[in-house]
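Where a number appears in this text, it was derived from the coordinates with a stated rule and is not lab data. Keep in mind that this is a model prediction, so the values were computed, not measured. Every residue, glycine among them, receives a Cβ derived from its backbone with ideal geometry; neighbour counts consider all protein chains shown.
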């Protein structure tokens, strides 16, 4: 259940046993992710957002706090470059407590999506030059990975590669 009602099933969330409390859910979100991004309007974290930071520190998980009054784009770029993140926990105050948090969150997540798309494209260019180990090919839809030596001369399984696997 979210502050504004039932969370749609399409999000495939797992309930904390016995409904859990706020602290239990927060700790589980930090524990089960690779890193935590905490967004706020104010420069100082309070309440549950501050507790999220404390959980991340205690569990030795990377975390980053961003707010609009800082150079958050540069901080986000450096943080994502320094940390291998495939499961990101995004935390912050409720919209009822910080009315402007929604627009800032959308702006940050859009920037993050652009940054990771650019990083993915750069990674793809580097992979095309890869000549040892598992062969990799770049495809319009992203990289296709071939794990066997016999597949090294195969085309991308999606059939839309500009180049063949090396």
Checklist entry - free of Cβ contacts under 8 Å to residues at least 40 places away in the same chain and more than 23 Å from residue 116 (Cβ to Cβ) - does that describe any residue in the range 63-74? => result yes
Next on the checklist: Looking at the range 23-42 only, could you name the residues that are without any contact (Cβ under 8 Å) to a residue 60 or more places away in the chain and surrounded by fewer than 18 Cβ atoms within 10 Å (Cβ to Cβ)?
Outcome noted: 23, 24, 25, 28, 31, 32, 34, 42
Next on the checklist: Given the criterion within 17 Å of the chain's Cα centre (by Cα) and within 18 Å of residue 111 (Cβ to Cβ), identify the matching residue among 73, 31.
Outcome noted: 73
